[in-house]
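To start, the structure itself, in structure tokens.
The values are calculated or read from the model by the stated rules, or taken from the named source; none is laboratory data. Quick caveat, the model's predicted, so the values are computed rather than measured. Ideal geometry is used to build each Cβ from the backbone, glycine not excepted, and the neighbour counts take in all protein chains shown. Areas reflect the complete protein model, heavy atoms only, side chains present, ligands, DNA and RNA absent. Shrake-Rupley method; radii C 1.70, N 1.55, O 1.52, S 1.80 Å.
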Amino acid sequence: MLERIREGSQGPLAMTIVGLIIISFAVTGVGSYLGGSTSEAAATVNGEEITVQDVEVAYQNQRARMEQQFGEQVAAAFANEAYLADFKGQVLDQLISEKLVEQKAEEMGLRVSDEQIKNAIFAIDAFKIAGQFDNETFKATIQRQGFTPASFRDYMRKQMTTEQLSSTLNSSSFSLEQEVANILKLQQQTRSAKTIVVKAADFATDVEISDEEIDTYYQANLSDFDTQEQVKLAYVSVSVDDLIANESVTPEEVLSNYQENIRAYQTDEERRVSHILIEFGDDEADAKAKAEEVLASVKADDADFAAIAEQESADIVSAEVGGDLDYIVRGDWSASFEDAVFAIENTGDISPLVKTEFGYHIIKLTDLKPQVTTPFEDVEAEITEFMLKDKATETYFGLQEAIASAAFESPDSLERVSNVANRPIIETAFFASNAYPASVDYPQVANVAFSTELIEDGLNSELLTLNDEKIMVVRVKEHKPQRTLSLEEVKATIVSRLSAEKSQEAALAWAEEIKVSLLAGEDISEKLSEKSIDVQVNENIARFGADVPQEVSKAIFSLAPVDQQNISVVTLNNGDIGIVELESVTPVNDVEAEELTATSDGLANNFSRQSFDNFVAALLSEAEIEKIQR
């Protein structure tokens with residue numbers, strides 16, 4: 001609870017807490033747990049507001065998680081305004097669904113006690129060391145996610161209440177044991193079959209294609225022969241890294257920077273404290289009286305502060321570890337609490353009563369780490385690198401206006417831009433709008449590369465800021481408009497396509513003849529020999545195995561082990577034809593109990609998810625929802 005005393009916001013989540021809680025933290029951030037918001041409403045749900053700030057926090061959280069997983073591709077996607085607007089719309093829809101579920105849980109009177117929350121927190125593996133709950137790990141982990149102990153407790157209460165609702169809805173989701181057993185037996189069943197692969201290419205020599213067929217195909221498929229518009233770009237780029245090599249710093253400058261910023265190379269004095277919190281409750285005077293009694297007891301000879309904290313403190317998390325709040329530094333806590341901590345002179349001393357907005361605190365200093373200064377020699381290289389980059393950055397920003405002016409004042413060439421930037425003009429190969437070369441694969445370039453200004457007017461682009469440390473000016477060097485290729489240009493392609501189609505048709509017809517012969521009980525060995533085709537015997541094929549092509553496997557497991565129903569002809573993905581003859585089925589009589597349980601649980605989970613989705617859909621259909629357009 002006490003870490004809510006910390007001043008200043010922690011900012012939006014950088015990522016979600018993975019695997020910490022009972023149900024997933026889908027998109028919501030921690031903004032609503034860190035205090036009230038004066039933000040305007042983005043939507044109202046049955047009269048309750050979802051604020052613009054709520055949406056922004058949730059958006060930042062989800063975006064950060066995606067960027068961590070997928071990298072720069074995501075950043076490029078978010079640079080597209082249409083994509084960004086659609087994404088934020090999805091985030092708002094998710095917040096609306098969560099708000100409806102929260103409202104329904106409250107309406108049903110679902111509640112979670114402090115004891116349940118405490119037990120749930122202590123059970124989370126991410127907060128344990130060697131199998132035991134560790135308060136320091138707990139505090140560090142949730143702090144990285146922007147939570148305080150109090151806001152995390154509130155978040156857990158909401159999630160566990162929602163889980164209660166979900167569990168209530170899903171309590172009837174189950175699968176009959178025999179039903180599950182039958183599914184497993186079908187999945188584990190194996191089959192044996194003979195297969196024949198008829199290669200379409202073997203029939204190509206018998207194929208004839210007329211000029212009329214070629215022309216007909218061309219006219220019917222003109223769109224297939226449309227080329228994409230292409231451009232060849234010329235560009236000049238400048239980055240901070242490009243400029244570092246031109247900068248220099250002296251040893252004296254590096255030492256001076258170290259001395260001027262010595263505080264950056266010093267650790268904070270850290271003090272480890274334990275505390276006991278007596279909340280105000282309904283009567284502050286009674287709370288103070290009780291706090292004074294507790295203070296007297298902890299100052300008594302041989303008093304066990306940790307035991308008293310566990311019994312008396314209203315901070316349920318720290319109380320479990322004897323009131324321990326770990327190490328704190330100046331600037332992290334509210335003034336009154338912090339002043340009291342740093343006023344304690346000796347390890348083991350106990351403060352007088354300390355009043356904060358949460359109640360009265362009794363604080364004990366348990367350890368002290370003095371300030372430490374890193375020697376200059378240890379950070380000299382780091383400071384040098386920093387100063388070089390700092391100078392390069394200054395040069396970089398100084399160049400931007402000059403480069404922008406050069407691009408505008410000499411719009412028909414990059415020569416002046418190149419001279420001002422002292423960087424070369426580089427040309428790309430031709431590319432289409434869906435295949436940018438890596439050197440210019442930026443959303444900012446994509447927004448202008450195929451524009452009228454660059455293609456028709458022949459102008460330079462404006463200065464493009466690709467990121468915080470790189471800029472670029474581009475122009476279209478050459479342009480190839482979209483057009484339809486002539487018949488002569490694509491004739492060979494058409495002949496190849498028609499040949500493949502006719503060859504496959506011939507192979508299919510031949511395979512159907514073989515099927516008829518097999519069904520009639522005729523010997524097909526001579527026919528196969530004429531085509532140099534072998535029969536493949538496949539034994540004990542698993543339903544989801546990779547021993548045969550997927551199309552063949554599907555046919556094998558769809559045929560019946562009965563005469564006249566055990567042969568099939570299939571078209572393979574590569575254009576060849578397959579003939580399948582099912583020979584036998586090996587059933588599974590028994591399934592393992594563990595498999596039965598796992599499959600049953602999996603089916604129940606699927607049913608549960610569907611039930612919950614249907615429940616949310618019903619809430620949405622009955623709710624009064626207004627999305628406020630801005």
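(1) surrounded by fewer than 16 Cβ atoms within 10 Å (Cβ to Cβ); (2) under 30 Å from Ala407 (Cβ atoms): which one isn't true of Tyr235, the others all being true?
Going through the list (1) surrounded by fewer than 16 Cβ atoms within 10 Å (Cβ to Cβ); (2) under 30 Å from Ala407 (Cβ atoms), Tyr235 breaks only (1).
Here are Asn422, Asn447: which of them is open to solvent by 40 Å² or more (accessible area, probe 1.4 Å), at positive phi and not hydrophobic (A, V, I, L, M, F, W, C)?
Numbers: Asn447 fails: at positive phi.
Of the residues listed, the single one that is open to solvent by 40 Å² or more (accessible area, probe 1.4 Å), at positive phi and not hydrophobic (A, V, I, L, M, F, W, C) is Asn422.
Out of the residues in segment 302-319 that are open to solvent by 60 Å² or more (accessible area, probe 1.4 Å) and either in contact (Cβ under 8 Å) with a residue 24 or more places away in the chain or out of contact with any Gly (no Cβ under 8 Å at 6 or more places or on another chain) (or both), state the one that is farthest from Phe138 (Cα to Cα). Don't jump to the end; show me each part of the working.
Taking segment 302-319 as the starting set, the residues that turn out to be open to solvent by 60 Å² or more (accessible area, probe 1.4 Å) are 302, 304, 310-311.
Next, from what is left, pick out any that are either in contact (Cβ under 8 Å) with a residue 24 or more places away in the chain or out of contact with any Gly (no Cβ under 8 Å at 6 or more places or on another chain) (or both): 302, 304, 311.
On the way: Asp302: 30, Asp304: 24, Gln311: 21 Å.
Ranking the qualifying residues of segment 302-319, first place goes to Asp302.
Of all residues in segment 590-630, count the ones that are within 30 Å of Lys88 (Cα to Cα), of a type in the set (Asp, Glu) and in contact (Cβ under 8 Å) with a residue 40 or more places away in the chain. Outline the logic, then answer.
Here is the first cut: in segment 590-630, the residues within 30 Å of Lys88 (Cα to Cα) are 605-630.
Narrowing the set further to residues that are of a type in the set (Asp, Glu) leaves 613, 622, 624, 626.
Still in the list and also in contact (Cβ under 8 Å) with a residue 40 or more places away in the chain: 624, 626.
Matching residues across segment 590-630 total 2.
In segment 354-382, which residues are under 30 Å from Glu253 (Cβ atoms), open to solvent by 40 Å² or more (accessible area, probe 1.4 Å) and β-branched (Val, Ile, Thr)?
At the first step, the residues of segment 354-382 found to be under 30 Å from Glu253 (Cβ atoms) are 371-382.
Of the ones still in play, those that are also open to solvent by 40 Å² or more (accessible area, probe 1.4 Å) are 371-375, 377-378, 380-382.
Within segment 354-382, Val372, Thr373, Thr374 meet the criteria.
Does at least one position in segment 176-183 carry a residue that is surrounded by 13 or more Cβ atoms within 10 Å (Cβ to Cβ), closer than 21 Å to Arg497 by Cα and under 37 Å from the mean Cα position of the chain (by Cα)?
The answer is no, given that none of the residues of segment 176-183 is surrounded by 13 or more Cβ atoms within 10 Å (Cβ to Cβ), closer than 21 Å to Arg497 by Cα and under 37 Å from the mean Cα position of the chain (by Cα).
Only residues that are of a type in the set (A, V, I, L, M) and surrounded by fewer than 16 Cβ atoms within 10 Å (Cβ to Cβ): list them for segment 388-406, please.
Listed by number, the list holds a single entry, Ala402.
Under 30 Å from Val552 (Cβ atoms), open to solvent by 20 Å² or more (accessible area, probe 1.4 Å) and of a type in the set (Val, Ile, Thr): does that describe Val207? Reasoning before the result, please.
Details: under 30 Å from Val552 (Cβ atoms): yes; open to solvent by 20 Å² or more (accessible area, probe 1.4 Å): yes; of a type in the set (Val, Ile, Thr): yes.
Judged against the criteria, Val207 is a match.
How many residues does segment 173-194 contain that are of a type outside the set (Gly, Ala, Ser), more than 17 Å from Ala560 (Cβ to Cβ) and not in a helix (DSSP H, G or I)?
Selection size over segment 173-194: 2.
Select from segment 252-272 the residues that are over 38 Å from the mean Cα position of the chain (by Cα) and in contact (Cβ under 8 Å) with a residue 12 or more places away in the chain and write down the one among them that is nearest to Glu312 (Cα to Cα).
Ile262
Which strands (runs of 3 or more DSSP E) sit wholly inside segment 484-589 and have at least 2 residues that are open to solvent by less than 60 Å² (accessible area, probe 1.4 Å), touching a residue at least 12 places away in the same chain (Cβ under 8 Å) and out of contact with any Gly (no Cβ under 9 Å at 6 or more places or on another chain)? Can you show your working first?
Details: elements: 536-542, 567-571, 577-586.
The qualifying strands (runs of 3 or more DSSP E) are 536-542, 577-586.
One residue is enough: does segment 189-204 have a residue meeting the conditions open to solvent by 80 Å² or more (accessible area, probe 1.4 Å), in contact (Cβ under 8 Å) with a residue 40 or more places away in the chain and of a type outside the set (Lys, Arg)? So that I can check it myself, show each step before the final result.
Filtering segment 189-204 for residues open to solvent by 80 Å² or more (accessible area, probe 1.4 Å) gives 199.
Now restrict to residues that are in contact (Cβ under 8 Å) with a residue 40 or more places away in the chain: 199.
If we keep only those that are of a type outside the set (Lys, Arg) too, we end up with none.
Among the residues of segment 189-204, not one is open to solvent by 80 Å² or more (accessible area, probe 1.4 Å), in contact (Cβ under 8 Å) with a residue 40 or more places away in the chain and of a type outside the set (Lys, Arg), which makes the answer no.
Please return the ranges of helices (runs of 4 or more DSSP H) entirely within segment 37-144 where 3 or more residues are open to solvent by 50 Å² or more (accessible area, probe 1.4 Å) and more than 21 Å from Leu620 (Cβ to Cβ). Reasoning before the result, please.
Details: elements: 52-70, 72-78, 81-107, 114-123, 135-144.
So the answer is 52-70, 81-107, 114-123, 135-144.
State which residue is most open to solvent (accessible area, probe 1.4 Å) when the search covers only segment 212-232 and only residues that are out of contact with any Phe, Trp or Tyr (no Cβ under 7 Å at 6 or more places or on another chain) and within 30 Å of Ile426 (Cα to Cα).
Looking at the filtered set, the residue picked out is Gln228.
Conditions tested, residue by residue: (1) touching a residue at least 12 places away in the same chain (Cβ under 8 Å); (2) surrounded by 17 or more Cβ atoms within 10 Å (Cβ to Cβ); (3) touching a helix residue (DSSP H, G or I) at 6+ places or on another chain (Cβ under 7 Å); (4) under 19 Å from Pro149 (Cα atoms).
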{"position": "Glu284", "(1), (2), (3), (4)": "no, no, no, no"}
{"position": "Ala291", "(1), (2), (3), (4)": "yes, yes, no, no"}
{"position": "Ser297", "(1), (2), (3), (4)": "no, no, yes, no"}
{"position": "Ala300", "(1), (2), (3), (4)": "no, no, no, no"}
{"position": "Val321", "(1), (2), (3), (4)": "yes, yes, yes, yes"}
{"position": "Ile328", "(1), (2), (3), (4)": "yes, yes, yes, yes"}
{"position": "Asp339", "(1), (2), (3), (4)": "no, no, no, no"}
{"position": "Pro352", "(1), (2), (3), (4)": "yes, no, no, no"}
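Pick out the one residue from Glu345, Glu385 that is exposed (fewer than 15 other Cβ atoms within 10 Å of the Cβ) and closer than 30 Å to Leu243 by Cβ. So that I can check it myself, show each step before the final result.
Numbers: Glu345 fails: closer than 30 Å to Leu243 by Cβ.
Testing whether each residue is exposed (fewer than 15 other Cβ atoms within 10 Å of the Cβ) and closer than 30 Å to Leu243 by Cβ leaves just Glu385.
Output the number of residues of segment 451-469 satisfying the condition of being of a type outside the set (Val, Ile, Thr) and open to solvent by 50 Å² or more (accessible area, probe 1.4 Å).
Our first condition is that a residue be of a type outside the set (Val, Ile, Thr); within segment 451-469, this holds for 451, 453-454, 456-464, 466-469.
From what's left, open to solvent by 50 Å² or more (accessible area, probe 1.4 Å): 453, 456-457, 459, 462, 467-469.
Number of matching residues: 8.
In segment 449-465, what residues are closer than 20 Å to Ala82 by Cβ and either small (Gly, Ala, Ser) or under 29 Å from the mean Cα position of the chain (by Cα) (or both)?
Within segment 449-465, Ala449, Ser451, Leu464 qualify.
Please name all residue pairs, on different chains or six or more residues apart, with Cβ atoms under 6 Å, provided the first residue is in segment 451-479 and is within 13 Å of Pro411 (Cα to Cα) and the second residue is of a type in the set (Phe, Trp, Tyr).
Val474/Tyr235
State which residue is surrounded by the most Cβ atoms within 10 Å (Cβ to Cβ) when the search covers only segment 252-282 and only residues that are within 30 Å of Ile308 (Cβ to Cβ) and of a type in the set (Gly, Ala, Ser).
First, pick out the residues of segment 252-282 that are within 30 Å of Ile308 (Cβ to Cβ): 268-282.
If we keep only those that are of a type in the set (Gly, Ala, Ser) too, we end up with 274, 281.
Details: Ser274: 23, Gly281: 11.
Here the residue is Ser274.
So Glu213 fits all but one of (1) under 22 Å from Ala492 (Cβ atoms); (2) in contact with a Lys or Arg (Cβ under 7 Å, 6 or more places away or on another chain); (3) not β-branched (Val, Ile, Thr); what number is the exception?
Just one mismatch for Glu213, condition (2).
Output the qualifying pairs, or none if there are none: Cβ atoms under 9 angstrom, residues six or more apart or on different chains, first residue in segment 85-100 and more than 17 Å from Glu49 (Cα to Cα), second residue modelled with pLDDT under 90 and open to solvent by 40 Å² or more (accessible area, probe 1.4 Å).
The qualifying pairs are Phe87/Arg63.
Going by what's in this entry, would Gln116 be described as more than 27 Å from Arg272 (Cβ to Cβ) and either out of contact with any Gly (no Cβ under 8 Å at 6 or more places or on another chain) or β-branched (Val, Ile, Thr) (or both)?
Working: more than 27 Å from Arg272 (Cβ to Cβ): yes; either out of contact with any Gly (no Cβ under 8 Å at 6 or more places or on another chain) or β-branched (Val, Ile, Thr) (or both): yes.
Criteria met by Gln116.
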